[in-house]
């Protein structure tokens with residue numbers, strides 16, 4: 001598995017960023033926040049879980065997900081957040 005394969009889908013990057021900012025969240029709520037359909041979200045969550053990026057637990061019928069608490073996942077999330085912020089700042093500043 002390569003980094004391109006893991007991060008190759010924009011929704012997977014958005015999931016990582018959302019979980020970094022919010023912590024553990026219900027999958028239905030996450031789908032709403034990311035403005036995506038539930039089945040598409042679940043497919044990407046399964047992928048991220050398989051490669052150790054996220055973990056999931058259930059409380060009754062509720063399905064909760066969060067980033068795994070590892071140095072590698074934390075470094076990935078921080079790097080993505082920093083890149084995202086810099087790109088937003090660049091895009092917002094006037095070009096000249």
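Rule-based calculations on the coordinates, nothing more; no lab input. Since this is a predicted model, take the numbers as computed values, not measurements. Methodologically, a virtual Cβ is constructed for each residue, glycine included, from the backbone with ideal geometry; neighbour enumeration extends over all protein chains shown.
Numbers below:
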{"read-out": "Contour minus Cα-Cα distance for residue 34 and residue 79 (0.36 nm per residue)", "value": "14.2 nm"}
{"read-out": "Scattering profile of segment 41-96 at q = 0.18, 0.26 Å⁻¹ [log10 I(q)/I(0), Debye over alpha-carbon scatterers]", "value": "-0.73, -1.01"}
{"read-out": "Packing-based ranking, highest mean first, of 69-81, 15-27 given that Cβ atoms within 10 Å are counted", "value": "15-27, 69-81"}
{"read-out": "C-alpha long axis of helix 10-22 to longest principal axis of the chain, angle in °", "value": "80 degrees"}
{"read-out": "Degrees, to the nearest 10: 71-92 long Cα axis against longest axis of the chain", "value": "40 degrees"}
{"read-out": "Space enclosed by the convex hull of the alpha-carbon atoms of the chain, per residue, Å³", "value": "110 Å³"}
{"read-out": "Potential lengthening between residue 68 and residue 5 on full extension [0.36 nm per residue; Cα-Cα distance subtracted]", "value": "20.8 nm"}
{"read-out": "The chain, helix-only ellipticity at 222 nm - DSSP H runs n ≥ 4, -39,500 (n - 2.57), divided by all residues, nearest 500", "value": "-19500 deg cm²/dmol"}
